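Engineer: Okay, here's the structure, questions in a sec.
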Amino acid sequence: MVKPPLPALNDIEGSKVPGSFPLIVDAHVHVFPEPIFKSIWKWFDKYGWPIRYKFRTATVLDFLLSRGVGHIVALAYAHKPGIASELNRYMANKCEQFPQKVTGLATVFPGEEKSEQILRAAFDAGLGGVKLHAHVQCFDMNSEEMDIIYDLCSSQQKPIVMHVGREPKIDGYSCDPYLICGVKKLETVIKNYPGLKICVPHFGMNEYLSYKRLIEKYDNLWLDSAMVLTDYFPNNESFQLNEMRMDRIMYGSDFPNLPFAWDRELKWIHKTRLPDKFLERFLGKNAIDFFSLPKS
């Protein structure tokens, strides 16, 4: 369990991504309207860690693209019923401002009225999948209300990014992630919806090895690396990145909600000197495949 506040790290940030890297798709970047961003910053200051980059959405996107990130997958989540449609319209508008460079995902609050209509409208507006966060939205991924989302995404061939790993467990959440999250619950979803592409962020922290086994077993599960290659969180299982299934893991930063430099994870990857073929998949190609991004 994360015991707040975790520290800010005053590490030096780079001005560009490493020049030797192939195309980088950042598969985990958050964007919100400014009032929601401000609420998130306040929440993190109290319960999580000091956010280093308190930027508006346009600055978030400009910042990464100007530093050499080739494509961004933008994520938002509805923390209560009734706001998903507004967030989805906001997301679609921001994507239009960055054509061919930003792919936005829709959100919905599981169980709210007209969930299917909300997502259909978002897909019609060009959004490329769905983002859900069990810790914030307090859903059980095996509940009936989730079947509406799974069924629609399966039929529309839209991927889901679901934060359903147990950590970070923080006092500021209104539910216990250990009761509603976990590998066994996710495996039920994977089995029931074999045609549904699912990504679990943060490599399923802190069940890395269990999630490693799961991506080896199933072809419809991916993991992203947001914040877990940086030696920041205490008491996590250790693992070797190059021992994970190469075609089912992808890079994500969790920018801008970071307590350290935006490129801390990229620097770690660069120092690790992974094979070129691995880097090509991990940094870009796997996200292109998962989100059906343009290949140019």
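Engineer: If you take every residue apart from MET227 with its C-beta less than 11 Å away from the C-beta of MET227, what net charge results, scoring Lys and Arg +1 and Asp and Glu -1?
Structural biologist: Here the count lands on -4.
Engineer: Right, next: At 7 Å along Cα-to-Cβ for each site, give me the label-to-label distance between TYR218 and PHE239 in nm.
Structural biologist: Placing both labels 7 Å along Cα→Cβ, they lie 1.4 nm apart.
Engineer: Here is a further query. Which residue, LEU223, LEU241, LEU127, tops the fluctuation ranking in a GNM of the chain built on C-alpha contacts under 10 Å?
Structural biologist: Top of the fluctuation ranking is LEU241.
Engineer: Springs between alpha-carbon pairs under 10 angstrom, Gaussian network model over the chain: which of ALA261, ALA27, ALA226 fluctuates most?
Structural biologist: Greatest mean-square fluctuation among the candidates belongs to ALA261.
Engineer: List TRP222, TRP262 from most exposed to least, where exposure is judged by having the fewest other Cβ atoms within 10 Å.
Structural biologist: TRP262, TRP222
Engineer: For each cysteine in the chain, check whether another cysteine's C-beta sits under 4.7 Å from its C-beta; list those where none does.
Structural biologist: CYS95, CYS153, CYS181, CYS199
Engineer: On full extension of the chain, what length is gained from GLN117 through GLU34, given 0.36 nm per residue of separation minus the C-alpha to C-alpha distance?
Structural biologist: Roughly 27.3 nm would be gained on extension.
Engineer: Please check: in the Gaussian network model of the chain (C-alpha springs, under 10 Å), which one of MET91, MET246, MET227 has the largest mean-square fluctuation.
Structural biologist: With Cα springs under 10 Å in the chain, the top fluctuation among MET91, MET246, MET227 is at MET246.
Engineer: Kindly put ILE198, ILE72 in sequence by how many other C-beta atoms sit within 10 Å of each C-beta, fewest to most.
Structural biologist: Listing ILE198, ILE72 from fewest to most nearby Cβ atoms yields ILE198, ILE72.
Engineer: Gap in Å between the Cα centre of the stretch 69-134 and the Cα centre of the stretch 1-51?
Structural biologist: 20 Å
Engineer: Still on this structure: 7 Å from Cα along Cα→Cβ at both ASP151 and LYS191: what's the point-to-point distance in nm?
Structural biologist: The answer from the label model is 2.1 nm.
Engineer: Evaluate E = 1/(1 + (r/R0)^6) for ASP11 and GLN97, where r is the Cβ-Cβ distance and R0 equals 41 Å; express this FRET efficiency to the nearest 0.05.
Structural biologist: 0.85
Engineer: Neighbouring Cβ atoms within 10 Å as the yardstick, rank SER225, SER85 fewest first. Provide the component values of the computation, followed by the final result.
Structural biologist: Working: SER225 25, SER85 19.
Fewest-to-most Cβ neighbours within 10 Å comes out as SER85, SER225.
Engineer: What number comes out for the charge environment of VAL164, summing +1 per Lys or Arg and -1 per Asp or Glu over other residues with Cβ under 14 Å away?
Structural biologist: Counting the neighbours of VAL164, the net charge comes to -1.
Engineer: Can you pull out the trypsin sites (Lys or Arg not before Pro) in the stretch 200-296 whose DSSP state is coil and whose Cβ has at most 11 other Cβ atoms within 10 Å?
Structural biologist: Within the stretch 200-296, the qualifying trypsin sites (Lys or Arg not before Pro) (loop, at most 11 other Cβ atoms within 10 Å) are ARG273, LYS295.
Throughout, read-outs are computed from the coordinates displayed, never taken from laboratory work. Owing to the predicted nature of the structure, the values given are computational and were not obtained by experimental measurement. Note that we place each Cβ from the backbone using ideal geometry, even for glycine, and neighbour counts take in every protein chain shown.
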